[in-house]
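K.L.:
Structure below; questions to follow.
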Amino acid sequence: MQLGDILDDVSLDVVTSSLEITRVENDSRRCEDGTLFFAMPGATRHGATFARDAVAKGASCVVADTNLKVSVPVIVVPSSQLNALLAHASAVIVGHPETRVKMIGVTGTNGKTSVSAIVASLARALAWNASSIGTLTNERTTPAAPELYRTLADVVVAFTSSRKNSLVALEVSSHALDQRRVEGLRFCVVAFTNLSHDHLDYHRTMEAYFAAKASLFTPEYAKRAVVWTDDEYGARLAESCTIPVSRVGRADATDVVNSLRGSTFFWRGHLVNSPLVGDYNVDNALVAMAIMSTLGASERAIAAAMGEVAGVPGRFDVLHGRGVVVVVDYAHTPKGLERLLGDVRSLQGEGRLITVFGAGGDRDREKRPEMGRVVSALSDVTIVTSDNPRSESPDAIIDAVMAGVNPGAIVRRVRDRRGAIDVALKDARPGDVVVLAGKGHESTITTGDEVVPFDDRRVALELLRSGGC
């Protein structure tokens, strides 16, 4: 495709306009022959720093907010236009896939992945084309525009053409909103799950964090909203929202019965039999069902379809062995851990609750002591270990978590995560529940520059089956 057809609103000379472009990128490492490279401002370094690297890899043209000395044409535009132009070019080069599906945006501190996955699974059970994009599919929760639109295009190509409805549920992070990664997208429905302490290393204050989330609930991005109003920030959002809002809360589910095999409840007069485990998954299901209802699906059909919804990887995954129940979950915030452990307590019998968890490196440090306080208060035995230390010292992270533990609580520190899981399973007796929190679906662990395979679920199963624990 010629550059003039991609940047149709930008004034270009004849030679530049006729350049053949096959790819759009804002990451110099992914450039190849025929790439249009956008040099974007970054948190620590400007993309202009990498313009020569992009050209060396084959970039045919660079778009930047300042003139650059490189061997290919440079298109200079105001900084305020870069994000919109990047999104536009990313969409055009892959044929505007977002126009061929109903886009759903889901945001919140906890529950984005679960709600997005449940919505997609519900829609498929209703004979729609459906998929989700986010934590389970991409490196970033919300990819940058070039990767996002390429992923969308791949998803749409895989859809069955004979089906009347097509849906893509996208997890929308606060970082993505602040950095305008979803610029240009128009959502049929946007949903809010909750807001609690997380990412304050980036946003600094809860109000700034909330403002980033709330920016999705505007006519610029969406037509309608579904908001969980049992959360104080959700209640605020529903009151201030300038688009039509469907309010959702626990009162929407009646006669709730939970077990380690799933849950049953009544929703809008219809019986729901859900295979999803955990009280918090009732809340996630309520949001997902409200989204599908807002899209026009039959309430009776939605309730029946919940019985076919698949479990979300790494979200209350339940394993069994030697009379011990193991729960693998992604919870990695104080509120998420509190909700998870509360749910486990409500489902377990007389046994003990043993929790293995850590805190990620190079992320919000303020939440670490609070995580220690929550887990040690709700567990009979707490084992603090590593969870993607990244560039930080694993011991320093564990120290920060340990600073918040409750006096008198039984707390151990085992730096090696496999070793920590081994210790927990060796200590567990029939009837106990072991919770492995923080990594969920993740299949690697990062320490310094080293990324090695590591899956909590797989490690637990190996130890349970081998008798090594």
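The values are calculated or read from the model by the stated rules, or taken from the named source; none is laboratory data. Predicted model only: the values in this text are computed from it and were never measured. All Cβ positions, even for glycine, are placed from backbone atoms using ideal geometry, and neighbour counts span all protein chains on display.
K.L.:
For the condition farther than 23 Å from Lys335 by Cα and touching a residue at least 60 places away in the same chain (Cβ under 8 Å), what is the one hit in Gly431, Gly419?
P.N.:
Among Gly431, Gly419, only Gly431 is farther than 23 Å from Lys335 by Cα and touching a residue at least 60 places away in the same chain (Cβ under 8 Å).
K.L.:
Continuing with the same structure: Only one of (1) surrounded by fewer than 21 Cβ atoms within 10 Å (Cβ to Cβ); (2) touching a helix residue (DSSP H, G or I) at 6+ places or on another chain (Cβ under 9 Å); (3) among the small types (Gly, Ala, Ser); (4) within 16 Å of Ile6 (Cβ to Cβ) is not met by Gly34, so which one is it?
P.N.:
Checking Gly34 against (1) surrounded by fewer than 21 Cβ atoms within 10 Å (Cβ to Cβ); (2) touching a helix residue (DSSP H, G or I) at 6+ places or on another chain (Cβ under 9 Å); (3) among the small types (Gly, Ala, Ser); (4) within 16 Å of Ile6 (Cβ to Cβ), the one that fails is (2).
K.L.:
Here is a follow-up. Taking the range 336-355 as the search range and keeping residues that are within 22 Å of the chain's Cα centre (by Cα) and buried (at least 24 other Cβ atoms within 10 Å of the Cβ), which one is nearest to Thr113 (Cα to Cα)?
P.N.:
Per the criteria, the residue is Gly336.
K.L.:
Inside the range 167-224, can you point out the residues that are within 15 Å of the chain's Cα centre (by Cα), of a type outside the set (Gly, Ala, Ser) and closer than 30 Å to Arg100 by Cβ?
P.N.:
Answer for the range 167-224, where residues must be within 15 Å of the chain's Cα centre (by Cα), of a type outside the set (Gly, Ala, Ser) and closer than 30 Å to Arg100 by Cβ: Val168, Leu170, Glu171, Val172, His175, Leu177, Arg181, Val182, Val190, Phe192, Thr193, Lys213.
K.L.:
Only residues in the range 301-323 that are on the phi > 0 side of the Ramachandran plot count as the first member; pair them with residues that are among the charged types (D, E, K, R), Cβ under 6 angstrom, at least 6 apart or cross-chain, and list the lot.
P.N.:
Phe316/Asp329
K.L.:
Looking at the structure I just gave you, is Asp329 outside the structural domain of Thr109 (by TED's automatic domain parsing) and surrounded by fewer than 24 Cβ atoms within 10 Å (Cβ to Cβ)?
P.N.:
The answer is no for Asp329.
K.L.:
Considering each residue of the range 15-31, count those that are more than 18 Å from Leu68 (Cα to Cα) and either surrounded by 18 or more Cβ atoms within 10 Å (Cβ to Cβ) or touching a Pro at 6+ places or on another chain (Cβ under 6 Å) (or both), and give that number.
P.N.:
4
K.L.:
Quick check on the range 204-237: of everything there that is among the small types (Gly, Ala, Ser) and either surrounded by fewer than 18 Cβ atoms within 10 Å (Cβ to Cβ) or free of Cβ contacts under 8 Å to residues at least 12 places away in the same chain (or both), which residue is nearest to Val190 (Cα to Cα)?
P.N.:
Ser215
K.L.:
Give the residues of the range 244-271 that are farther than 18 Å from Thr193 by Cβ, charged (D, E, K, R) and surrounded by 14 or more Cβ atoms within 10 Å (Cβ to Cβ), sorted by residue number.
P.N.:
Residue satisfying the conditions is Arg268 alone.
K.L.:
With respect to Ala297, is the statement that it is in a helix (DSSP H, G or I) and in the same structural domain as Val115 (by TED's automatic domain parsing) true?
P.N.:
No: the conditions fail for Ala297.
K.L.:
Something else now. Inspect the range 94-111 for any residue being charged (D, E, K, R), free of Cβ contacts under 8 Å to residues at least 60 places away in the same chain and touching a Lys or Arg at 6+ places or on another chain (Cβ under 9 Å) and give the result as yes or no.
P.N.:
Among the residues of the range 94-111, not one is charged (D, E, K, R), free of Cβ contacts under 8 Å to residues at least 60 places away in the same chain and touching a Lys or Arg at 6+ places or on another chain (Cβ under 9 Å), which makes the answer no.
K.L.:
Regarding the range 70-77, can at least one residue be identified that is of a type in the set (A, V, I, L, M, F, W, C), assigned to a loop (DSSP other than H, G, I, E, B) and within 17 Å of Asp8 (Cβ to Cβ)?
P.N.:
So far as the range 70-77 goes, yes, one or more of its residues are of a type in the set (A, V, I, L, M, F, W, C), assigned to a loop (DSSP other than H, G, I, E, B) and within 17 Å of Asp8 (Cβ to Cβ).
K.L.:
In addition: When only residues in the range 90-118 that are hydrophobic (A, V, I, L, M, F, W, C) and farther than 17 Å from Ser173 by Cα count, which is surrounded by the fewest Cβ atoms within 10 Å (Cβ to Cβ)?
P.N.:
Of everything passing the filter in the range 90-118, Val92 is surrounded by the fewest Cβ atoms within 10 Å (Cβ to Cβ).
K.L.:
Next question. Which residues, taken from the range 54-67, are surrounded by 15 or more Cβ atoms within 10 Å (Cβ to Cβ) and either out of contact with any Pro (no Cβ under 7 Å at 6 or more places or on another chain) or of a type in the set (S, T, N, Q) (or both)?
P.N.:
Hits for the range 54-67 are Ala54, Val55, Lys57, Gly58, Ala59, Ser60, Val62, Val63, Ala64.
K.L.:
Is at least one residue of the range 353-369 out of contact with any His (no Cβ under 9 Å at 6 or more places or on another chain), more than 26 Å from Asp201 (Cβ to Cβ), among the charged types (D, E, K, R) and in contact (Cβ under 8 Å) with a residue 12 or more places away in the chain?
P.N.:
No.
K.L.:
Which one of these is among the hydrophobic types (A, V, I, L, M, F, W, C), within 23 Å of Gly234 (Cβ to Cβ) and not assigned by TED's automatic domain parsing to the domain that holds Ile445: Val101, Val119, Val72, Val62?
P.N.:
Just one listed residue meets the conditions, Val119.
K.L.:
Same structure, new question: Just to be sure, is Leu136 under 17 Å from Gly440 (Cβ atoms) and either surrounded by fewer than 21 Cβ atoms within 10 Å (Cβ to Cβ) or modelled with pLDDT under 95 (or both)?
P.N.:
Answer is yes for this residue.
K.L.:
How about the range 400-426: which of its residues are in a helix (DSSP H, G or I) and surrounded by fewer than 16 Cβ atoms within 10 Å (Cβ to Cβ)?
P.N.:
Result: Gly419, Lys426.
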